[in-house]
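One structure below.
Please treat every number below as a calculation from the coordinates, not as lab data. None of the values given here were measured: they were computed from a predicted structure. No Cβ is skipped: glycine too gets one built from the backbone with ideal geometry, and neighbour counts run over all protein chains shown.
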Amino acid sequence: MANIKSAMKRAKIAKVRTLRNKSYKSAIKTSIKRFEQAVEAGNIDNAKIAFANAEKKLDKAVSKGILHKNFAARQKSKLARILNKAM
């Protein structure tokens with residue numbers, strides 16, 4: 001553990017940010033799973049809504065610096081291919 005006050009604060013902030021990032025990544029994974037479940041069920045209308053939701057969450061994570069932009073672009077591309085194949 002750090003002895004300097006500023007180092008202790010940085011460690012505390014890192015812990016808080018790690019938890020925030022984990023929860024946001026979990027929400028992204030959940031939205032992607034909902035999209036995949038809608039596609040598997042053959043419900044195209046719900047799949048389109050879930051796709052838009054997942055895309056929005058990915059973009060927001062990139063803007064907050066949680067995900068790399070290329071990772072998000074790759075995920076969106078993958079989901080779009082799945083949606084187009086299902087239609």
Do the conditions hold for A27, that is, is it farther than 25 Å from S63 by Cβ and in a helix (DSSP H, G or I)?
no
Residue list for the range 61-87, restricted to those being closer than 20 Å to Y24 by Cα, part of a helix (DSSP H, G or I) and in contact (Cβ under 8 Å) with a residue 24 or more places away in the chain:
A61, K64, Q75, L79
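I'm trying to understand the selection: among the residues of the range 60-77, which are within 20 Å of F35 (Cα to Cα), of a type in the set (S, T, N, Q) and exposed (fewer than 15 other Cβ atoms within 10 Å of the Cβ)?
The one that is within 20 Å of F35 (Cα to Cα), of a type in the set (S, T, N, Q) and exposed (fewer than 15 other Cβ atoms within 10 Å of the Cβ): S77.
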Would a scan of the range 15-22 turn up a residue that is within 23 Å of A86 (Cβ to Cβ) and surrounded by 15 or more Cβ atoms within 10 Å (Cβ to Cβ)?
no
Consider S6 against the criteria (1) of a type in the set (S, T, Y); (2) under 18 Å from R81 (Cβ atoms); (3) surrounded by fewer than 14 Cβ atoms within 10 Å (Cβ to Cβ): it satisfies all of them except one. Which criterion is unmet?
(2)
